[in-house]
Structure formats: C-alpha cells, structure tokens
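All of the numbers you see were taken from the coordinates with simple rules; none came from a lab. As the structure is a prediction and not an experimental result, all values here were calculated from the model. FYI the Cβ positions are ideal-geometry reconstructions off the backbone, even for glycines, and counts take in every protein chain you see.
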Amino acid sequence: MMTTLDIRGRDLGVRELRALMPRAELDVEAALAVVRPICDDVHDRGAEAVRDHSERLDHVRPRRLRVPAGTIAAAVDALDPTVRAALEETIRRARLVHADQRRTDTVTRVVDGGTVTERWVPVDRVGLYVPGGRAVYPSSVVMNVVPAQEAGVGSLAVASPPQRDNPPDFAGQPHPTILAACGLLGVEEVYAMGGAQAVAAFAYGFEDGGDVCDPVSLVTGPGNIYVAAAKRLLRGVVGIDAEAGPTEILVLADETADADLVASDLVSQAEHDVVAASVLVTDSPALADATAAALEARVSATKHSERVRTALTGSQSAIVLVDDIEQGVAVADAYAAEHLEIHTRDAARVALRVRNAGAIFVGPYAPVSLGDYSAGSNHVLPTGGCACHSSGLSVQTFLRGIHVVDYTREALAEIADLVVALAEAEDLPAHGEAITARFGDHR
C-alpha cells in the first residue's frame with residue numbers, strides 16, 4: 001500500500017534527505033491567482049462580496065454574517081452531554097498548558113542609569129479561523145481561542161464556513177458544534193464565513209447592516225490551500241501565524257514497536273485528507289512488513305477507507321528503511337514533521353535528540369490523536385517542513401515584545417563617543433549629531 005524507500009547504507013546530508021523524503025505537493029502560488037480577485041472583491045464590496053463567494057463556493061448564502069448571540073446559546077443547549085464534557089475537559093487542559101506559557105516583562109540594567117525593558121504586549125484584535133470542510137473541528141476553536149485568551153488579547157472573533165446541511169435552526173450558520181465550542185469559551189463574536197473571503201474580511205473589516213467587524217491585527221488557524229494562499233497574499237495587511245498545508249505524521253520506530261498501533265496512527269492522519277502525509281521511518285524490516293500488513297486490515301475496516309487509501313498510496317506517504325535510530329533521527333530532523341511519534345526503546349531519550357518537529361509524541365500511549373484533542377498541547381502546528389524554523393500556535397503567537405529604552409544624561413554621555421564613531425563609520429553623521437546635540441554639540 002505504501003511506497004518503500006530504502007536509504008540503508010547511504011551517507012546522506014540534509015539536502016539529500018529533504019530531496020528524497022516524500023512530501024505533499026502544495027502549489028500555493030497557483031492558488032494565489034484564484035484568491036486574489038476574491039480578496040480584492042471583499043476589499044471593495046465588503047459583506048456582500050463575502051456572501052456572494054459563500055454562495056458560490058459553500059453553496060450557502062448567509063443572510064447575516066455575524067451569528068446572533070441566541071444562536072450560539074442554542075447551540076450550547078443542544079450540545080450532546082458527552083461531547084460537552086469532552087470539550088470542557090479539553091478546554092481545562094489547554095488552559096493549564098497555555099497559562100504556563102505567559103511571559104513576564106524583563107528589565108535589564110545595562111549600566112548605571114541605563115535600562116532596557118522588554119515588555120510583552122498582546123495584539124489588540126485577532127481573527128481566528130476554524131475550518132469546516134470534510135470534517136467539523138470544534139477542537140480547532142479551542143486551540144485558537146485558548147492561547148489568545150491566555151495571552152490577554154482584548155478583542156477576538158471566530159470565523160467558520162456556513163454549512164448547507166445544518167439543522168433548520170442553524171441554517172446559514174457554521175456547524176452548531178463549532179458554535180457550541182465558541183459559547184463554552186465565552187466567544188461572542190462569530191461569523192459565518194470561510195475560505196479566502198473570511199481571511200480578507202478579517203484583514204479589511206466590513207459593515208453588515210448594524211454589525212461592524214473591525215479589521216484584525218492577526219489571523220490564525222488552519223485551513224485549505226485557498227486559506228493559505230489568502231494568508232500569503234494579505235500578509236503585511238494583517239499578521240498571520242503560518243500557511244498551513246496538508247497534515248502529516250512521521251513515526252520513528254524500532255523492532256520494539258507494536259505494528260498495529262503504528263498502523264492505526266498512520267491511518268488516523270490519512271483520514272484528514274487525500275493529500276495527508278503518513279510516513280514510517282524504521283530500522284526494522286520486520287516492523288515495516290508487519291505495519292504494511294496491519295495497514296491493509298485497518299484501511300479496509302475504517303469509515304473513510306477510500307480517502308485513507310488514497311492518502312497512504314500517494315507520493316507524500318512512504319515507509320523509509322534506515323540503518324539505525326541515529327539515522328532515523330537525522331531523517332526526522334530533515335523532514336521536520338508536523339507530528340512526530342517515537343516508538344522506540346528509551347523513547348523519551350530519543351525525543352530529546354530531535355530538533356525539528358511541530359509536536360513530539362513519546363511512546364505507545366501518546367498518539368497524535370491525543371494531541372489533536374485533549375493532551376493540553378496545541379494542534380495548530382507547522383507543516384511542510386516549516387517545523388525547522390517555526391513553532392506551533394501558542395500564547396507567544398499573540399504577544400509582541402517591545403523594547404523600552406530608558407537612559408539618563410550621564411548614562412548617555414558614557415557611550416556617546418562610541419555611538420558617534422559607529423554613526424560616522426556608517427556615513428550617517430546626523431545620527432551622531434542627534435547624540436552630540438544633547439550635550440551642546442560638544443563631546
């Protein structure tokens with residue numbers, strides 16, 4: 001079912017490994033041509049443009065983009081008690097983890113009379129995107145909202161696509177489970193809009209009857225290629241967290257791993273999308289064979305069998321044979337997976353050797369599915385190899401560091417000559433004059 005890539009006996013560097021490893025094709029540049037006129041239209045026509053594109057793309061035309069407070073409350077009341085309990089516990093655990101990410105201001109005394117303070121200030125307003133295509137993601141509401149709230153963001157809004165198959169009470173609105181998650185988190189500003197038009201609406205703001213959606217400073221959250229393209233197009237108009245690509249899992253395993261558990265986790269990520277990537281890296285040919293056999297049984301039995309099979313047989317998925325776990329770690333670092341599972345002896349110790357991953361799941365009892373929902377960690381993670389330079393969504397995403405410089409006359413005088421020397425070395429004499437002017441132009 002999955003392609004096998006044998007790199008045993010080959011001394012490969014990072015460049016060669018990145019070229020060899022399977023990866024989903026994601027042509028964001030091509031998608032820019034599709035989203036540019038949508039974003040321009042939203043800029044020019046506001047809410048009416050959002051409605052027109054929702055009708056064309058989602059086959060639903062919301063009468064009102066902002067979801068009424070009563071509809072959100074009704075969604076909470078209608079929520080299945082078991083699902084409500086699961087969401088409430090997920091929220092509790094996410095708050096525990098994200099509260100510990102809060103930063104404190106740091107004051108550094110550089111010299112007597114001279115300090116630099118780094119203040120951590122939340123962005124003023126954020127737009128949080130929650131996808132709603134093949135699946136419903138109330139967990140993504142939690143993952144977006146909790147870190148923003150824990151960072152102290154004063155104004156936040158959630159957007160999720162309107163659903164054409166909703167019950168009559170929620171016609172033209174996001175899925176009621178999405179609305180219920182917003183209600184449980186105390187989010188009052190929710191909009192029925194998705195895709196590139198939602199990103200543009202957050203970036204530019206709009207009026208819709210008596211409703212006003214002010215522009216946001218930052219847009220976060222996962223989405224499809226068109227959401228990613230809109231983020232790229234509008235970056236600069238608005239801040240973004242990342243351009244999310246297809247989900248991916250890399251499992252690093254040795255002969256001690258349980259092949260059926262490995263197969264179940266590969267299938268779980270393949271369930272997301274036909275372009276989802278599932279990769280097994282192992283130094284055990286016996287485990288590779290056993291996993292391949294377990295995959296056949298699990299894929300045939302799973303609900304979304306066709307989707308999963310397409311993902312697992314695609315060019316983005318493979319079983320990679322390595323000489324040993326040391327080479328496996330090198331492969332994992334070169335690949336920089338969104339989700340990395342480690343099923344080896346001393347898995348916790350192996351995890352400490354990995355530098356590049358969105359999130360690391362240690363041992364057989366920490367599957368990616370736990371992180372998707374209720375581990376307390378965040379599931380909005382870097383994809384497409386971006387984990388080598390970027391982090392997942394966290395409290396830090398919503399904070400800005402501001403340096404506050406406070407020097408006395410005496411402290412400035414102490415460094416004045418050196419500042420002037422640097423200004424002259426860069427042929428920027430007015431910079432130096434801005435220093436000497438404070439001392440009567442005498443140094």
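Using only side-chain charges placed at the Cβ, +1 for Lys and Arg and -1 for Asp and Glu, the dipole size of the chain relative to its Cα centre rounds to 700 debye. Express in whole angstrom the spacing between the alpha-carbon centres of the range 132-186 and the range 208-252. If we compute the Cα centre of each part, the gap is 15 Å. Among 227, 320, sorting on how many other beta-carbon atoms sit within 10 Å of each Cβ, with the fewest leading, yields 227, 320. Along the axis of the charge dipole computed for the chain (Cβ charges of +1 for Lys and Arg, -1 for Asp and Glu, origin at the Cα centre), the listed residues 176, 280, 348 are led at the positive end by 176. Proximity of backbone amide H atoms, modeled 1.01 Å from N, is registered between residue 208 and 213 at under 5 Å, excluding neighbours fewer than 5 places apart on the same chain.
Electrostatic bookkeeping for residue 146 treats Lys and Arg as +1 and Asp and Glu as -1; over the other residues with beta carbon under 11 Å from its beta carbon, the sum is +2. Got a sec? Charge dipole of the chain, +1 on Cβ for Lys and Arg, -1 for Asp and Glu; which of 421, 34, 302 is way out at the positive end? Working it through, the farthest residue towards the positive pole turns out to be 302.
With springs only between Cα atoms under 10 Å apart, run a GNM on the chain and tell me which of 114, 385, 186 wobbles the most. Of the options given, 114 has the highest mean-square fluctuation. For the range 347-387, chymotrypsin sites (Phe, Trp or Tyr not before Pro) are listed when DSSP marks them as loop and at most 13 other Cβ atoms sit within 10 Å of their Cβ; the list is 365. Antiparallel beta bridges, as assigned by DSSP with both residues in the chain, represent about 35 percent of the total such bridges. Among 202, 170, sorting on how many other beta-carbon atoms sit within 10 Å of each Cβ, with the fewest leading, yields 170, 202. Ranked by the mean number of other Cβ atoms within 10 Å of their residues, highest first, the peptides 416-425, 242-251 come out as 242-251, 416-425.
Sort out for me the Cα centre separation of the range 67-93 from the range 329-384, rounded to whole Å. So the two Cα centres are separated by 30 Å. Other residues with beta-carbon under 9 Å from the beta-carbon of residue 282 carry, at +1 per Lys or Arg and -1 per Asp or Glu, a net charge of -3. Residue-wise HN-Hα couplings along the range 183-190, as the Karplus relation 6.51 cos²θ - 1.76 cosθ + 1.60 with θ = phi - 60° gives them from phi, are x, 5, 8, x, 7, 9, 9, 10 Hz; Gly and Pro carry x. The listed peptides 139-146, 9-16, ordered by packing as a protection proxy, come out as 139-146, 9-16 (highest mean of other Cβ atoms within 10 Å first). Loop-located GluC sites (Glu not before Pro) in the range 174-227 (DSSP state not H, G, I, E or B) with no more than 15 neighbouring Cβ atoms inside 10 Å: 188. Counting neighbouring Cβ atoms within 10 Å and putting the fewest first, the residues 344, 117 line up as 117, 344.
Packing order of peptides 152-160, 273-281, 322-330, 302-310, highest average first: 273-281, 152-160, 322-330, 302-310 (average count of other Cβ atoms within 10 Å over each peptide's residues). A helix-only calculation puts the chain at -13500 deg cm²/dmol for mean residue ellipticity at 222 nm, using -39500 (n - 2.57) for each DSSP H run of at least four residues, averaged over all residues.
Couplings for the range 356-366, taken from phi via the Karplus curve 6.51 cos²θ - 1.76 cosθ + 1.60 with θ = phi - 60°, read 10, 6, x, 8, 10, 10, 9, x, x, 10, 10 Hz in order; Gly and Pro are left as x. Modelled label positions at residue 100 and residue 425, each set 7 Å beyond Cα in the direction of Cβ, lie 4.4 nm from each other.
Here, the range 293-443 has an Rg and a Dmax of 27.0, 84 Å when only alpha carbons are counted.
Model label points for residue 436 and residue 389, set 7 angstrom from Cα along the Cα-to-Cβ axis, are 4.2 nm apart. Among 110, 34, 67, the residue with the largest mean-square fluctuation in a Gaussian network model of the chain, with springs joining Cα atoms closer than 10 Å, is 110.
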